[in-house]
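The numbers here are math on the coordinates, done by the rules we state, and not lab data. None of these values were measured; they are calculated from a predicted model. Here the Cβ positions follow ideal geometry from the backbone for every residue, glycine too, while neighbour counts run over all protein chains shown.
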Amino acid sequence: MSVDNMREPLLKKNHHYYKDCPGCKVEQAKELNQGVSVKNLFIIWMVVLSSTLPASSLFPFLYFMIRDFKIAKSEADISYYAGYVGSSFMLGRTLTSVLWGMVSDRYGRKPVMVIGVFSVVIFNTLFGISSSFWMAVITRFLLGCLNGAIGPTKVSVAWGTGLIIGPALGGYLAQPAEKYPHIFPKGSFWDKYPYSLPSFIISAVSLVVVIICLWIPETLHKHNGNNVSADDAEALENGSNKVDKEKTVQKSESLLLNWPLMSSIIAYCVFSLHDIAYQEVFSLWCVSPPSLGGLNFTTDDVGNVLAISGLALVIYQLTLYQYMEKACGPVGIARITGIFSIPLLQSYPFIAMLSGISLYIFISIASILKNIISVTITTGLFLVQNRVVEQDQRGAANGISMTAMSLFKAIGPAAGGSILTWSQKRSDASFLPGTHMVFFFLNVVEGIGILMMFKPFLGEKKKTVSDQLH
């Protein structure tokens, strides 16, 4: 076959399709109305799940892990060190998120997903057998650096499922020699490394995901030996022989000057900072002793509460949210729920005064409501970000948002853990004693975010080309 024939499109309907181009094969399947492959959707779902589990499974046992490292001088200092373990993962992701995006655009989404999931196999295993504080920090940092799968793949239900399974695994399977001595005897490997079992199970699942990733198709276009993104492929289809670099730069600059987009991203980052700080504080507060204002929960108790909250969150996302968003709009429902979250969060120290089944019921309800509020706000702002830019700019806009959000999320756990430690050391203060102070600080951040969702800060949506066509 001649070179000219090799370059001839396989099919011309609305697009040109090139032979041996994986991206074209995916687009051609869509053009022929074959729909989304259930197999491919399942693989992507598993990739996101395996990337979510390491982030959510450590919350029930992190307090006890830091305690066993014997690095904290007092019980109140445990939260301080736990915060840095939580931040190390997001710091690693912040430093490499742009790089993984570039690698994904240059070499394809598939290798990025494989590397990201394989990093879970290696570094999550090492984290489970960490024998020191710094080993835990370094393994989490490296896991964040190499975990680029979340960038090019987004499946919210898989993420929500991870928020159910992860805490359950961490809560039920941590310290197995203490909970199940007839299966994991004292003096065994599981007794020496009490937090390895949940990590090993997650790593085993991730290893299976690495293998099944071999069957997922690549979406990157490869035309005449050149790797091009979807936007670049469209330019080639329209008759361009090379990508207009200057136009790409102008497009990025226009996003930075798009105030409705940037204002929603800033608000999104503030809420992301609040949410991850809350997650860190909540799990540490739950297992803290009553003398420090905590609930004295076990890892099982924390796992139960977080898993129940995750399940309620998935049900809410699949059922109620779409109707609430249609009735009030994404910003309207975010404002309403955000305002409601302030008295809810400040009630936590009073919930700690309860005991028995009433404590368990009230803290579970509060956790469910708080998580629903958080996802309502962040989902609303994410929808705003997509609606204030043209469709061909949404990928770049999402990249800016994810990079900024990762930076704020890297700050959250360390800041939350430090403020919790400080709060627990001032239990006799006259103004906001004990844990009242840490929840007050969380509310301050929440309040700033709520104000950002009102005019004049949150910019109005501009009429896009697609809007004008409808």
Query raised in the report: What is the gain in length, in nm to one decimal, between Asn386 and Tyr193 on full extension, counting 0.36 nm per residue of separation less the C-alpha to C-alpha distance?
Result: 65.0 nm
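So, by mean Cβ neighbours within 10 angstrom, what's the order for 352-358, 263-269 with the highest one leading?
Sorting 352-358, 263-269 by mean packing, highest first, produces 263-269, 352-358.
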Query raised in the report: Separation between the Ala327 and Lys425 pseudo-spin-labels, each 7 Å from Cα along Cα→Cβ, expressed in nm?
Result: 4.7 nm
Query - Translational diffusion coefficient (Stokes-Einstein; Kirkwood radius from C-alpha pairs) of the stretch 325-377 at 10 °C, 1.306 mPa s, in µm²/s - result: 133 µm²/s
Query raised in the report: Taking the convex hull of the alpha carbon atoms in the stretch 292-333, what volume per residue do you get, in Å³?
Result: 90 Å³
**Report entry** Whole-Å distance, taken between Cα centres, linking the stretch 299-314 and the stretch 263-284
**Finding:** 19 Å
Report task. May I ask which of Lys326/Lys370; Lys70/Lys179; Lys73/Lys425; Lys39/Lys409; Lys326/Lys455; Lys73/Lys179 have a Cα-Cα span longer than 24 Å here? Result -> Lys39/Lys409; Lys73/Lys179
Report summary line: One point scatterer per Cα, no solvent, Debye formula: log10 I(q)/I(0) for the stretch 322-424 at q = 0.16, 0.17, 0.24 Å⁻¹ comes out as -0.92, -0.99, -1.25
Query raised in the report: Which order, highest average first, do 309-315, 414-420 follow once you tally other Cβ atoms within 10 Å for each residue and take the mean per peptide?
Result: 414-420, 309-315
